[in-house]
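To keep things clear, I will list the structure first and then write my remarks on it.
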Amino acid sequence: MPNSPSDRATPDRATPDRSPSDRSPSDRSEAPRRVTVQRKGPLLMEGPVEVELEDGSVVTSDRFRVALCTCRRSRRYPWCDTSHRDRV
Amino acid sequence: MEHDRGAPGLPAPRGPLSEGVEAYLRGAGRLPRLEDVARAAVYGEDLQLALYLCYELHYRGFAGVSPDREWDPELLRTRAALEHRFLSALRADARLHDGVDEALAGLLVEPVDGTGVSHFLRDEGELWHLREYAAQRSLYHLKEADPHAWVLPRLWGRAKAGMAAVEFDEWGGGRADRVHARLFADLMTDLGLDTAYGRYVDAACAEALVTVNLMSLFGLHRSLRGALVGHFATVEITSSPGSRRLAEAMRRTGAGPAAEHFYDEHVEADAVHEQVVRHDVIGGLLEEEPQLAADVAFGIDATGFVEDRFGARLLADWRASLSSLRAPLDRETAHIS
Ligand code: FES
Ligand SMILES: [Fe+2]
Ligand SMILES: [Fe+2]
């Protein structure tokens with residue numbers, strides 16, 4: 001599902017932190033959640049996800065698949081925006 | 001005989017082929033002769049409009065034209081002749097790579113000083129350029145992701161699941177206000193354009209028609225499912241960086257929030273779609289049907305070829321301070337000057 005603009009990683013939109021331990025065990029599916037790593041490019045995981053950033057703020061994405069930036073070059077960090085590509 | 005209500009009117013013909021097809025659709029004349037199809041310029045205005053007319057019967061049809069014409073054997077014979085010319089030309093002109101990885105490699109890098117349309121629009125585009133671009137692109141974006149839906153029954157397993165997931169995203173994830181075609185209509189409103197389906201067919205140049213005919217050709221033929229997947233991958237892979245430049249162009253010119261949002265949404269959405277299409281759709285398809293690798297590569301290369309022609313046409317006109325459109329945009333609909 002596409003994100004609405006309010007899902008963007010802007011600090012004013014950050015929701016209060018909630019660590020995984022705050023959740024009741026029933027929140028979690030028994031099946032392990034698969035994360036796909038690549039030598040180059042984002043981490044891929046099933047959405048929706050919450051990401052806690054360094055400043056403690058939490059951003060969410062409700063896409064069916066989420067691409068998390070690993071190169072730190074994204075202008076929409078923590079979401080990948082293809083800035084990891086080689087420049088030629 | 002029931003006619004499609006709310007469907008667009010027939011556009012103005014551009015030569016004997018499109019004239020013949022239209023006359024036949026209205027029940028008022030003969031289809032073009034196959035010799036004329038064989039003689040026409042393959043990427044030209046007339047042949048491409050004739051093909052476009054045939055394909056539109058599979059989408060929304062035309063006012064005053066029976067929906068049953070979609071499966072009219074005589075018309076399908078003409079369409080097959082047009083498609084044969086088009087596909088043969090694409091295979092001759094576009095084919096560059098034998099392997100999928102080689103074909104994709106060129107798309108997965110970012111040129112440091114790109115010179116494409118999105119670079120032009122970001123750096124020096126004015127509102128009239130953006131309006132022309134949106135009018136030309138509206139032929140596709142008002143039915144965004146629809147031509148690709150035809151491939152779904154021809155895929156299975158990982159490829160089907162991945163394709164369906166991306167399509168669901170394109171169609172708003174179950175929410176009508178997030179359907180990408182809807183977001184594009186909102187962009188058009190910001191730019192003072194008419195959002196009626198088919199409104200700018202008369203204005204669109206042959207190079208724009210070619211880009212849409214390519215999708216319909218690949219989508220409607222099961223035999224071209226590999227090419228359709230290659231085409232879709234190309235669109236998704238190239239969209240994210242291009243959309244960022246177009247979003248910047250919209251912001252710089254003050255086009256409006258919906259105009260910015262359409263491209264902003266595509267920066268992030270297509271960074272994900274690219275991954276799903278490459279890993280699951282292409283990967284899954286080639287696992288099941290490895291013999292389709294050359295077709296996937298052809299779809300990638302053909303898409304690059306028609307997009308480059310379209311971009312070159314726009315830039316040639318704009319650099320000469322000319323309109324790229326065949327019919328001027330209605331000034332009155334512009335709420336911006
Ligand atoms: S991994 Fe894609 S932008 Fe960083
Ligand atoms: Fe889209
Ligand atoms: Fe997409």
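A few comments on the model shown:
- Candidate set: the stretch B:144-173, residues that are away from chain A (no Cβ under 14 Å) and open to solvent by less than 40 Å² (accessible area, probe 1.4 Å); chosen: the one nearest to ligand 2 (Cβ to nearest atom): B:148
- Reported count of residues in the stretch A:28-56, each being of a type in the set (Gly, Ala, Ser), farther than 15 Å from residue A:76 by Cα and under 15 Å from the mean Cα position of the chain (by Cα), is 2.
- Restricting the stretch B:250-276 to residues that are open to solvent by 10 Å² or more (accessible area, probe 1.4 Å) and among the acidic types (Asp, Glu), the residue that is nearest to the other protein chains (Cβ to nearest Cβ): B:264
- Filtered residues of the stretch B:58-73 (kept if among the hydrophobic types (A, V, I, L, M, F, W, C) and in contact (Cβ under 8 Å) with a residue 24 or more places away in the chain): B:62, B:63, B:65
- Residue B:246 within 14 Å of chain A (Cβ to nearest Cβ), among the aliphatic types (A, V, I, L, M) and surrounded by 21 or more Cβ atoms within 10 Å (Cβ to Cβ): yes
- Residue within the stretch B:267-275 that is aliphatic (A, V, I, L, M), at pLDDT 95 or above and more than 11 Å from ligand 3 (Cβ to nearest atom) present: no
- Positions within the stretch B:110-147 being β-branched (Val, Ile, Thr) and at pLDDT 95 or above, in sequence order: B:117
- All positions within the stretch B:243-255 that are within 15 Å of ligand 1 (Cβ to nearest atom) and small (Gly, Ala, Ser): B:243
- Filtering B:90, B:104, B:82, B:76 for residues that are under 30 Å from residue B:291 (Cα atoms), within 14 Å of another protein chain (Cβ to nearest Cβ) and modelled with pLDDT of 95 or more leaves a single hit, B:104.
- Test: residue in the stretch B:300-320 that is free of Cβ contacts under 8 Å to residues at least 12 places away in the same chain and in a loop (DSSP other than H, G, I, E, B): yes
- The residues listed here are A:61, A:21, A:6; of these, the one that is within 14 Å of another protein chain (Cβ to nearest Cβ) and modelled with pLDDT under 50 is A:6.
- In the stretch A:46-63, the qualifying residues are those that are out of contact with any Ser or Thr (no Cβ under 7 Å at 6 or more places or on another chain) and open to solvent by less than 50 Å² (accessible area, probe 1.4 Å), and the one that is nearest to residue B:167 (Cα to Cα) is A:63.
- Residue B:228 vs. criteria away from ligand 3 (no atom under 15 Å from the Cβ), more than 9 Å from every other protein chain (Cβ to nearest Cβ) and under 17 Å from the mean Cα position of the chain (by Cα): no
Yes/no matrix, rows are residues, columns are (1) of a type outside the set (Lys, Arg); (2) open to solvent by less than 40 Å² (accessible area, probe 1.4 Å):
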site: B:13; (1), (2): yes, no
site: B:25; (1), (2): yes, yes
site: B:32; (1), (2): yes, yes
site: B:40; (1), (2): yes, yes
site: B:45; (1), (2): yes, no
site: B:60; (1), (2): no, no
site: B:78; (1), (2): yes, yes
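- Where residue A:81 falls short, out of the listed (1) away from ligand 2 (no atom under 16 Å from the Cβ); (2) facing chain B (nearest Cβ under 7 Å); (3) of a type in the set (D, E, K, R): (1)
Conditions (1) under 29 Å from residue B:57 (Cβ atoms); (2) over 19 Å from the mean Cα position of the chain (by Cα), marked per residue:
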{"residue": "B:184", "(1), (2)": "yes, no"}
{"residue": "B:209", "(1), (2)": "yes, no"}
{"residue": "B:238", "(1), (2)": "no, no"}
{"residue": "B:250", "(1), (2)": "no, yes"}
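- Neighbours by Cβ (under 8 Å, 6+ apart or cross-chain): first from the stretch A:29-42, in a strand (DSSP E or B); second within 16 Å of ligand 3 (Cβ to nearest atom) and of a type outside the set (Ser, Thr, Tyr): A:35/A:44; A:36/A:44; A:36/B:279
- Put simply, of B:280, B:295 the only residue that is within 16 Å of ligand 3 (Cβ to nearest atom) and either outside any loop (DSSP other than H, G, I, E, B) or without any contact (Cβ under 8 Å) to a residue 60 or more places away in the chain (or both) is B:280.
The values are calculated or read from the model by the stated rules, or taken from the named source; none is laboratory data. Predicted model only: the values in this text are computed from it and were never measured. Note that each Cβ is placed from the backbone with ideal geometry, even for glycine, and that neighbours are counted across all protein chains shown. All accessible areas refer to the heavy atoms of the entire protein, side chains included, with ligands and DNA or RNA removed. Shrake-Rupley method; radii C 1.70, N 1.55, O 1.52, S 1.80 Å.
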